[in-house]
Amino acid sequence: MTKTTVLAIDSATIKAGYALMQFNGQDITLLDWGCWNLKGELPRRLHALHHKTLEKIGDHIDIVAVEELRINRGARNLDSMIKVAYAIGAVLSAYGCKDPNNIKMLPANVVRSIWDVSQDKAALREAVNKKFMDQIIDKGRPYGFLPRDQDIVDAIGLGVAVWATHNTPLKPKKKNAPRAK
């Protein structure tokens, strides 16, 4: 079985979480994780995110995972969502030059569905801590990921979900067929 390395990035313009994971069948190893604190005006932060992504990619990344942004009509935080879209673009342009075929995107609701958790951020954090607690402790976090680590947790959740869908394509839920009269 071949090993696959995934870099998942929770794209944002102020704090962007990332997780570097290696998948070997059902075994998942967290290689590295962290959060990039981006400073300055928006163009400077996007530039920094692009370059930090390039530094992480190196030659050993097989898949880059980013969240597929869904903007609902009438969204109250539309300005923030547009900035996140720019951040996703900065990440995509960093990896897209290398291999655009291995960029995988999933919306947040699909990530949470794969993890079988609610939209509550604490639910995903609890699931990630439960699944990876031994690895997290081994890397110096005796209490697991805390609320301040949500950007990292979102990246880990995204990476695992992308791997799951990459290896087991999602099947749409069957709609009830209309009954014959």
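Please treat every number below as a calculation from the coordinates, not as lab data. Remember, it's a predicted structure, so these values are computed and weren't measured experimentally. We place every Cβ from the backbone using ideal geometry, glycine too, and count neighbours over all the protein chains shown.
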| Applying the Karplus parametrisation 6.51 cos²θ - 1.76 cosθ + 1.60 with θ = phi - 60° to the phi angles of the stretch 11-16, what ³J(HN,Hα) value in whole Hz is obtained for each residue in order, glycine and proline being reported as x? | 5, 7, 9, 10, 10, 10
| query | Over the chain, what is the relative contact order in whole percent, taking alpha-carbon pairs under 8 Å and six or more residues apart? | reply | 26 percent
| field | Simple Cβ-charge dipole of the stretch 19-99, Lys/Arg +1 and Asp/Glu -1, about Cα centre, in debye nearest 20 | value | 540 debye
| Once label points are set 7 Å from the Cα along Cα→Cβ at both N102 and S118, what is their separation, rounded to one decimal in nm? | 3.8 nm
| request: Please list, in chain and number order, the residues 5+ apart from E68 or on another chain whose amide H is under 5 Å from its amide H, with Hs placed from the backbone. | output: L106, A108
| field | Karplus-derived HN-Hα couplings along the stretch 147-158 (A = 6.51, B = -1.76, C = 1.60, θ = phi - 60°), whole Hz, x at Gly and Pro | value | x, 5, 9, 4, 5, 5, 4, 4, 5, 4, x, 5
| query | Anyone know which of A48, A161, A75 comes out most mobile in the 10 Å Cα GNM of the chain? | reply | A75
| query | By how many nm would the segment from E126 to R141 lengthen if fully extended, with 0.36 nm per residue of separation less the alpha-carbon distance? | reply | 4.0 nm
